1. Suppose the filter is touching a residue at least 40 places away in the same chain (Cβ under 8 Å) and open to solvent by 70 Å² or more (accessible area, probe 1.4 Å); does Met48 pass it?
2. What is the one condition in (1) outside any helix (DSSP H, G or I); (2) open to solvent by 70 Å² or more (accessible area, probe 1.4 Å) that Ile75 does not satisfy?
3. Between Phe104, Phe56, which is closer than 22 Å to Leu292 by Cβ, touching a residue at least 24 places away in the same chain (Cβ under 8 Å) and open to solvent by 40 Å² or more (accessible area, probe 1.4 Å)?
Amino acid sequence: MADFLWTHVWPIAFIVIQIVVVVAIIMGLVAYLTLAERKVLAAMQLRMGPNVVGPFGLFQPIADGLKLLTKETIIPSGANRVLFVAAPMLTFILALVAWAVIPFGNGLVIADINVGILYLFAISSLGVYGIVVAGWASNSKYAFLGALRSAAQMVSYEVSIGFVIVTVLMCAGSMNITAIVEAQNTRFGFLGWYWVPLFPMFILFFISGLAETNRTPFDLVEGESELVAGYFVEYSSMTFALFYLGEYANMILISAMTAILFMGGYLPPFDVAPFNWIPGPIWFFLKTCIGLFVFLWVRATLPRYRYDQLMRLGWKVFLPLSLAYVAIVAGVLVYGGLV
């Protein structure tokens, strides 16, 4: 019996424990990212921000969550009830399952699969289905137009993200995410990370991540002046909250992917004391926080694009640039004898 438990039950229980821990961490980060956003925006706009609920406003995310939990879920007449409720659940679940292959440290990953980067790209591509289903199931022309906008936007910038990832894969020679991080572990420290040789792709990836997560200046999906609030205009209470949580979880994911692909992931900036005394997960967390701060900084700084500007940037600037850089990187690797 003991052998059966050790060989069959314990591995499954261990995976479940890992999943629960990771989900709990991500949910906590999402909750307090909403507070951090309001605090950062307030500081940049010379306001106070949340400061009433709890010391320094630290209990504000808990109050917001409780408020949404106690509100009534309203389903519009004529809406497809099953799809209407399933769409935000799909969006939220996809935002969480991507973390299965993210290494928080050397060996600290739920599933260290050989095609981890392909898994991430596939999961991020599925996110558009939740948005389209939400817009269609709402039985509202405004929600449907917002969903079409979002679908076109996400598909456009996923193409550029795909080519950016190809350049990283060519340099690392592997689709395993841990291997990509370790390929950046050179004697040059942070100057050996991929943000240096692939700097244009580093910037392009992050900007495309802004568009992929529907964040300013690419928040056309919720263009209040034209579409009320986009594809989730008919949603309320926890169904709305799931979209909201999914958006912030995707922000954290894009920042984490930026850290992994271009900033050495969990690697210290220099492999010498005292830098290498700090655990890898701490470095990974700090790099992710830098990306998140830029997300918030951009929101406080830039105005919203027009839709034609957004699509022109994706198809006429980012796509040719990423294609050209794929060819350049391939040429350097082949003719430079690096492969």
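1. no
2. (2)
3. Phe104
A quick yes/no check of all residues on (1) polar (S, T, N, Q); (2) touching a residue at least 60 places away in the same chain (Cβ under 8 Å); (3) more than 25 Å from Arg215 (Cβ to Cβ):
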position: Ile131; (1), (2), (3): no, yes, no
position: Ser138; (1), (2), (3): yes, yes, no
position: Gly173; (1), (2), (3): no, yes, yes
position: Ile177; (1), (2), (3): no, yes, no
position: Gln184; (1), (2), (3): yes, yes, yes
position: Leu191; (1), (2), (3): no, no, yes
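The values are calculated or read from the model by the stated rules, or taken from the named source; none is laboratory data. Keep in mind that this is a model prediction, so the values were computed, not measured. Glycine also receives a Cβ, built like all others from the backbone with ideal geometry; neighbour counts cover every protein chain displayed. Surface areas here come from the heavy atoms of the whole protein model, side chains and all, with no ligands, DNA or RNA. Shrake-Rupley method; radii C 1.70, N 1.55, O 1.52, S 1.80 Å.
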